Amino acid sequence: MTKVYLDVCAIQRPLDTPNQVRVALEAEAVLGILSLCDAGQIDLISSEALVYETEQNPLSIRREHGYSVLLKAKVTINVTASVKERASQFLQHGIKPLDALHLALAEASMADYFCTCDDQLARKARHIRDLQVKVVSPLDLIQEIEK
């Protein structure tokens, strides 16, 4: 079973204003990923960091959407000392602390894919030689899954 860790920007993409073609396409891709999850074709992974970041959103509609997505997860990964240590290694690649924690949690969960709409995060993560998870956009993920 394909295991997927969606970061918060990917989870929230369907609620973004589709003022660019890319945003509209990524929103549809995320909805497609969630449909595949509902159909039992992929396993969604949640984490303490995803719950925390969702809780911080000041907009109730975005919090509720985030929680509804995270409820689809079969597994919730907790932050451990080894996850924190791994995240600190990612900081050396210029990755922001919370993003580094998400990447480390995705690795700890043995996810196949870490899905993000954040181009800067994806670009930096792809330069990490020993990264144990494949970093993809929602559109890339749909193409990978449907091969």
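Here are the numbers for this structure:
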{"quantity": "Cα-Cα P(r), region 69-147, percent of pairs per 10 Å interval", "calculated": "18, 52, 27, 3"}
{"quantity": "Fraction of alpha-carbon pairs over 15 Å apart in region 104-147 - percent", "calculated": "41"}
{"quantity": "For peptides 124-135, 14-25, sequence by mean Cβ density within 10 Å, most packed first", "calculated": "124-135, 14-25"}
{"quantity": "Residue among 26, 85, 107 with the largest mean-square fluctuation in a Gaussian network model of the chain, springs linking Cα atoms under 10 Å", "calculated": "85"}
{"quantity": "Dipole-positive endmost among 90, 111, 15 within the chain (Cβ charges, Cα centre)", "calculated": "90"}
{"quantity": "Extension gain, residue 16 back to residue 39 (0.36 nm per residue minus Cα-Cα distance, nm)", "calculated": "5.8 nm"}
{"quantity": "Leading residue at positive end of dipole, region 12-147 (Cβ point charges), from 30, 127, 75", "calculated": "127"}
{"quantity": "Inter-label distance for residue 98 and residue 68, nm, one decimal - labels placed 7 Å from Cα along Cα-to-Cβ", "calculated": "2.2"}
{"quantity": "Computed Kirkwood radius, in angstrom, where 1/r is averaged over Cα pairs of the chain", "calculated": "15.2"}
{"quantity": "Of 3/72; 74/134; 72/96; 72/147, those spanning more than 18 Å from alpha-carbon to alpha-carbon", "calculated": "74/134; 72/96; 72/147"}
{"quantity": "Simple Cβ-charge dipole of the chain, Lys/Arg +1 and Asp/Glu -1, about Cα centre, in debye nearest 20", "calculated": "260"}
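Each reported figure results from applying straightforward, stated rules to the coordinates on display, with no laboratory input. Quick caveat: nothing in here was measured; it's all calculated off a predicted structure. Here Cβ is always computed from backbone atoms with ideal geometry, including for glycine, and neighbour counts include all displayed protein chains.
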